[in-house]
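Just below is one structure, and these are the notes that go with it.
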Amino acid sequence: MLEVAIAVPTFRRPLGLERLLRAIEKLETAADVTVLVADNDAERHEGLDLCQRIAAGYRWPLDAFVAPERGIASARNALSERMLAKTKAQFTAMLDDDEWPEPHWLDAFLRLQSETGAEALHGAVIPVFETPPRASVAQCDGMASQRGITGPCATIDSSANVLVSRACFEGLAKPCFDPAFGLGGGEDKDFFTRLEAQGKHFAYCDEAVVNAYVPASRATLAWALRRAYSTGNSDMRVFLKYRPSAAAMAREFVKIAGAFAAVPLMSLALAATPPRRARGLWKGFRAAGKVAALMGRRYNEYAVTHGA
């Protein structure tokens, strides 16, 4: 029987964490599951307290602990170290504390992994809104559904709903997630960039579906543009980490210049189509985040928690 660890970092979202844990209890799978929860809040530790309250009657072994060093990378490192030291899991599924899976989510992942031999797989993410966003921003990243075509894929950019083999964690120099990206994000992109450099194979599974709660504070154009800036900032920081060639840098400069040049043109040409205009602004803010990273500035997106 396959053993799977489900690894969840959490920070001050006890309601979201409980929703996730209850959904994990309802999984329809023959796999032997262990649930690991790293509470990244040593002061209030609401996630740890919740897990301790429900552990005795929980369907699966539930191992919760405090990861005291603040930052999403530190929490993910604590989870990966715990998985390697305390379990024999062949695979680790990573979920965020504002997500919850559909009942067949895990078996869909495992089935595609068996078919493709991929060492890391990414699944679908469907937003569930507290307050529906305006149509003008509904297709921006962070609010649009993440869907695709099931099968092998070139790379993975995010750890929101992934399944990763034990060998991936064992084969990386530690820490697996770079603490330099602790509050700014990008630790997951860096993780998969390192796996790609090792020749690991990736796949996307559209049948491995999780839902993601989007609070009203994140269903706005202002948040979408901040997210675009943050994404550009962290992506560029990952890019610079590996000392790109002059040719690669030149290509990035061309992309950035093109994004800035397109913003006013798209705003005028698409004035009657707000969703496309918002997308043009999104690209401009993403390019601005890249420029900030080139200047040595970092944007700490995860310094603020949205949702409960």
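The values are calculated or read from the model by the stated rules, or taken from the named source; none is laboratory data. Predicted model only: the values in this text are computed from it and were never measured. Heads up, the Cβs are rebuilt from the backbone with ideal geometry, glycines too, and the neighbour counts pull from every protein chain shown. These accessible areas exclude ligands, DNA and RNA; they are computed on the full protein's heavy atoms, side chains included. Shrake-Rupley method; radii C 1.70, N 1.55, O 1.52, S 1.80 Å.
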Subject >> Bins of 10 Å, starting at 0 and running to the largest distance - Cα pair percent for the range 61-125 >> reply: 15, 45, 35, 5
Original post:
Could you give the nm distance between label points at THR155 and LEU172, where each point is 7 Å from its Cα heading toward the beta carbon?
Top reply: 1.4
**OP:** With label points built 7 Å along Cα→Cβ from the Cα atoms of ASP49 and ARG297, find their separation and express it in nm.
**Re:** 3.8
Subject >> Beta bridges per DSSP with both ends in the range 1-154, % antiparallel, nearest 5 >> reply: 5
**OP:** Be a star and scan the range 167-193 for residues whose amide nitrogen sits under 20 Å from the point 7 Å along the Cα-to-Cβ vector of ALA42.
**Re:** 175-184
Original post:
So what is the orientation-averaged projected area of the range 31-189, using the convex hull of its C-alpha atoms, in nm²?
Top reply: 11.1
Original post:
Which of the trypsin sites (Lys or Arg not before Pro) across the range 6-54 are loop residues per DSSP, with 14 or fewer other Cβ within 10 Å?
Top reply: LYS26, ARG44
Original post:
Where Lys and Arg each count +1 and Asp and Glu each count -1, what net charge lies around LEU36 among other residues with Cβ under 12 Å from its Cβ?
Top reply: 0
**OP:** Using Cα pairs closer than 8 Å and at least 6 residues apart in sequence, work out the relative contact order for the range 84-196, in percent.
**Re:** 35
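How large is the convex hull of the C-alpha atoms of the chain per residue, in Å³? Could you put the intermediate results ahead of the total?
Numbers: hull volume 40.2 nm³, N = 308.
Value for the chain: 130 Å³ per residue.
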Subject >> Within the chain, helix-based [θ] at 222 nm, where runs of 4 or more DSSP H residues each add -39,500 (n - 2.57), nearest 500 >> reply: -14000 deg cm²/dmol
Original post:
Could you give the semi-axes, largest first, of the ellipsoid that matches the range 92-165, computed as the square roots of 5 times the alpha carbon gyration tensor eigenvalues and rounded to whole Å?
Top reply: 25, 14, 10
**OP:** Towards the positive end of the charge dipole of the chain, with charges on Cβ (+1 Lys, Arg; -1 Asp, Glu), say which of GLY199, GLY184, VAL209 has the farthest Cα.
**Re:** GLY184
Original post:
VAL33: accessible area at probe 1.4 Å, nearest 10 Å²?
Top reply: 0
Original post:
Given Cα pairs under 8 Å that are at least 6 residues apart, what percent is the relative contact order of the chain?
Top reply: 21
**OP:** Report the chymotrypsin sites (Phe, Trp or Tyr not before Pro) located in the range 194-248 that are in a DSSP loop and have at most 13 other Cβ atoms inside 10 Å of their Cβ, or state none.
**Re:** TYR242
**OP:** Would you work out which of TYR58, LEU95, ILE72 lies farthest towards the positive end of the dipole of the range 1-123, given +1 charges on the beta-carbon of Lys and Arg and -1 on that of Asp and Glu, about the Cα centre?
**Re:** TYR58
Subject >> Per principal axis, descending, Cα span of the range 100-244 in whole Å >> reply: 43, 39, 21
**OP:** With the cut-off at 14 Å, report for the range 16-80 the share of all Cα pairs above it, as a whole percent.
**Re:** 58
Original post:
For a label point 7 angstrom out from the Cα of ALA144 toward its Cβ, which stretches of the range 215-255 have the backbone nitrogen within less than 16 Å?
Top reply: 220-221, 224-229, 231-232
**OP:** Could you provide, to the nearest whole Å², the per residue accessible area of the chain with probe 1.4 Å?
**Re:** 45
Original post:
Among the helices of the chain (complete DSSP H runs), which have Cα atoms covering no less than 18 Å along the helix axis and a Kyte-Doolittle mean of at least -0.5?
Top reply: 72-86, 221-241, 246-269, 274-294
Original post:
Among LYS174/LYS241; LYS26/LYS200; LYS86/LYS241; LYS26/LYS86; LYS189/LYS283; LYS174/LYS255, which pairs are too far apart, with a Cα-Cα distance over 26 Å?
Top reply: LYS26/LYS200; LYS86/LYS241; LYS174/LYS255
